[in-house]
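Accompanying notes for the structure given below.
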Amino acid sequence: MTYCVAIRVNNGLVMLSDTRTNAGLDNIGRFRKTFTYEVPGERALAMMCSGNLSITQEVRTTLSRAIKESENDPDIETLLNCASMHRAAQLVGDAMASVQKRYRPTLEMQGSAADATLMLAGQRKGGKPRLYMIYSAGNFIEATADNPFFQIGEHKYGKPILDRVITPETRLEAAAKAACVSMDSTIRSNLSVGMPLDLTVIARDAYAFRMRRRIEADDEEFLSISESWASALRRGFEDLPTILD
């Protein structure tokens, strides 16, 4: 399984993903689930993946191949030259739909699930920070002020903190902290989600990555957030009024 969270606030975008995959209790692996694309000073995008690994890898390869081929043919439309973030989401959706059409019948015939979900976040010069959820059929939705974050994978454990903290006005630094708490809660409650993590941050109107960081199991800052959050929860619990006299 996996857990990825992406947050869009007024000041930018925060994305955090784990790296654990499993096909049974004795078949656990690590695969990066966040991939970045950048034209410094013009655009920065990040894509996060969940679901059938062969499907998401093929989608990513399709997008990367187009970028490589555009070096010799600038007429090829790619994530690095398309006119808007909405168009970038369409390109990802088209790649997803094409890969699903090619492999889904065979996968389902063999009893395997072909479903996959992607999140695409970023900003290009002249546009606003955008966040999209892209489904297996290639269709997608966009994050709004009413729903400023998306999750894919094992989302239920990490959702409560986001519901209580994240609004469009949340500071970018606070959004990154909330993403870490959300991930920590998920890791503690679900063995199919695990370290290391990939944290990606795009500040508004920077058109570049403020942070692309691998967080290992012994990362002091992440451990401090985890321990402080656990202590705060214990103190808060002790302060609650009693219901049983």
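Computed 3J(HN,Hα) for segment 215-232, one whole-Hz value per residue from the Karplus formula 6.51 cos²θ - 1.76 cosθ + 1.60 where θ = phi - 60°, is 9, 8, 5, 9, 5, 5, 5, 5, 4, 5, 4, 4, 5, 5, 5, 4, 5, 5, glycine and proline marked x. Starting from the Cα of residue 156, draw a straight line to each of the lysines and keep only those under 22 Å, dropping any in the same chain fewer than 8 residues away. Correct list for residue 156: 33, 177. Computed from backbone phi, the HN-Hα couplings of segment 190-195 come to 9, 6, 7, 10, x, 6 Hz, rounded to whole numbers (Karplus: 6.51 cos²θ - 1.76 cosθ + 1.60, θ = phi - 60°; Gly and Pro given as x). For semi-axes √(5λ) of the Cα gyration tensor in Å, the value calculated from this model appears in (1) 27, 20, 19; (2) 32, 23, 16; (3) 32, 20, 19 under label (2). Could you tell me which of rounded, prolate or oblate describes segment 109-231, using a ≥ b ≥ c as the square roots of the eigenvalues of the alpha-carbon gyration tensor, with rounded for a/c under 1.5 and, failing that, prolate when a/b is larger than b/c and oblate otherwise? The shape class here is oblate.
Report, in deg cm²/dmol and to the nearest 500, the calculated mean residue ellipticity at 222 nm for the chain, where each DSSP H run with n ≥ 4 adds -39500 (n - 2.57) and the sum is divided by the residue count. Please report the intermediate quantities before stating the final value.
Numbers: 5 runs with 88 residues, N = 245.
It comes out at -12000 deg cm²/dmol, rounded to the nearest 500.
The Cα center of segment 1-79 and the Cα center of segment 200-231 differ in position by 18 Å.
Quick check for me: using +1 on Lys/Arg Cβ and -1 on Asp/Glu Cβ, what's the dipole size of segment 86-245 about its Cα centre, in debye to the nearest 20?
Values: 21 positive and 21 negative charges, 183 e Å.
For this selection, approximately 880 debye.
Footprinting exposure proxy ranking of 5, 92, fewest other C-beta atoms within 10 angstrom first, gives 92, 5.
Under the classification rounded if a/c is under 1.5, otherwise prolate if a/b is larger than b/c and oblate if not, where does segment 1-104 fall, given a ≥ b ≥ c as square roots of the Cα gyration tensor eigenvalues? Spell out each step's value before the answer.
Values: a/c = 2.19, a/b = 1.33, b/c = 1.64.
Verdict is oblate for segment 1-104.
For the pair residue 113/residue 224, report the inter-label distance in nm, with labels modelled 7 Å from Cα in the Cβ direction. So the two model labels end up 3.8 nm from each other.
Around the amide H of residue 193, modelled in the peptide plane, lies no amide H under 5 Å away from a residue 5 or more places distant or on another chain.
Quick one: order 87, 235, 104 by neighbouring beta-carbon count within 10 Å, fewest to most. Provide the component values of the computation, followed by the final result.
Details: 87 14, 235 9, 104 18.
If I rank by nearby Cβ atoms, fewest first, I get 235, 87, 104.
In this structure the amide hydrogen of residue 170, modeled in the peptide plane, comes within under 5 Å of the amide hydrogens of 10, none closer than 5 places in sequence on its chain.
Among 115, 219, which comes first, second and so on when ranked by fewest other beta-carbon atoms within 10 Å?
Working: 115 14, 219 18.
Starting with the residue having the fewest Cβ neighbours, the order is 115, 219.
Bear in mind that the values in this text are calculations on the coordinates, not laboratory data. None of the values given here were measured: they were computed from a predicted structure. Quick reminder, even Gly has a Cβ in these numbers, built from the backbone with ideal geometry, and neighbours come from all protein chains shown.
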